[in-house]
1. Using a 10 angstrom cutoff on alpha carbons, build the Gaussian network for the chain and name the most mobile of GLN36, GLN158, GLN91.
2. Using the Karplus curve 6.51 cos²θ - 1.76 cosθ + 1.60 with θ = phi - 60°, what ³J(HN,Hα) values do you get for each residue of segment 169-182, in whole Hz, with x for Gly and Pro?
3. Can you pull the one-decimal nm distance between simple spin-label points at THR102 and VAL2, each 7 Å off the Cα toward Cβ?
4. Name the residue from LEU11, CYS165, THR102 whose Cα lies farthest towards the positive end of the charge dipole of segment 3-197, charges +1 on Cβ of Lys and Arg and -1 on Cβ of Asp and Glu.
5. For segment 5-106, just say rounded, prolate or oblate: build the C-alpha gyration tensor, square-root its eigenvalues into a ≥ b ≥ c, call rounded for a/c under 1.5, and beyond that prolate if a/b exceeds b/c, oblate if not.
6. So how far apart, in nm, are the two label points at GLU73 and LYS175 if each is 7 Å from Cα heading toward Cβ?
7. Explain nothing, just compute: Karplus ³J(HN,Hα) = 6.51 cos²θ - 1.76 cosθ + 1.60, θ = phi - 60°, for every residue of segment 66-71 in order, whole Hz, x for Gly and Pro.
8. How about segment 42-92: which GluC sites (Glu not before Pro) there are in a DSSP loop, with at most 10 other Cβ atoms within 10 Å of their Cβ?
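Values quoted throughout were computed directly from the atomic coordinates according to the rules given, and no laboratory measurement underlies them. Since the structure is predicted, the reported quantities are computational estimates derived from the model, not experimental observations. Note: ideal-geometry Cβ built from the backbone for every residue, glycine included; neighbour counts use all protein chains shown.
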Amino acid sequence: MVLWVFGYGSLIWKAGFNYDERIPGFVKGYRRVFYQGSTDHRGTPEYPGRTVTLEPAPDEICYGVAYKINQKEDIETAITYLEVREKQYDQKVYLDFYTDSTDSSPAVSSVLVYVASSNTKLNKNYLGPAPLEEIAEQIVRAKGPSGPNRDYLFQLEQALLQLGCVDSHVMVLGKEVRRILSMSKEVTTEAEEVVENGNL
């Protein structure tokens, strides 16, 4: 038995479980959006942060990494861990994973992906779209047990750049958050400085 898990958010830079292989690539028909509220990692119930989920987008692709887990014990441990870590994501879907844009066949079929749906009856933390400035302000202010929401954004931006991916939604949002921070004269974090200075 082999399990493949696709990471498109914090799983890109912090898997948190044992794996045998890590492959950069993408899934088709989805785009990454900061529409999911986080009350357990990057925010609180009183002031949710924003993290990414996948939104259906027929002509788009979403870059990330796929993790291959071979050992039965590692698979069981990984699933137990992910069920807690991704508990605010109400859907588990299995998608085809590609490594080359010219390939007609996937590199791996049935990769497990955790998705936070827009169904507010099933996903009480879904925040949905909002003006860029509003999303950025929320990210600047939010902080949870896993740290400031802004660090999540900057770490994601850095991780994607390391994969050679320029995600316009993430990059534009990162630029706006840095603008707000510069206006408020807040001290930049190490993650921000790495992205700003291009020290990848």
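1. GLN91
2. My calculation for segment 169-182 gives 4, 5, 5, 5, 5, x, 5, 5, 5, 5, 5, 4, 5, 5 Hz in order.
3. Taking the simple label geometry, THR102 and VAL2 are separated by 2.4 nm.
4. So the residue we want is LEU11.
5. Values: a/c = 2.27, a/b = 1.16, b/c = 1.96.
Note, shape of segment 5-106 comes out oblate.
6. In this crude spin-label approximation the distance works out to 5.0 nm.
7. Each residue of segment 66-71 in turn: 10, 10, 9, 10, 9, 6 Hz.
8. Values: sites: GLU46, GLU60, GLU73, GLU76, GLU83, GLU86; in loops: GLU46, GLU86.
Passing sites in segment 42-92 are GLU46.
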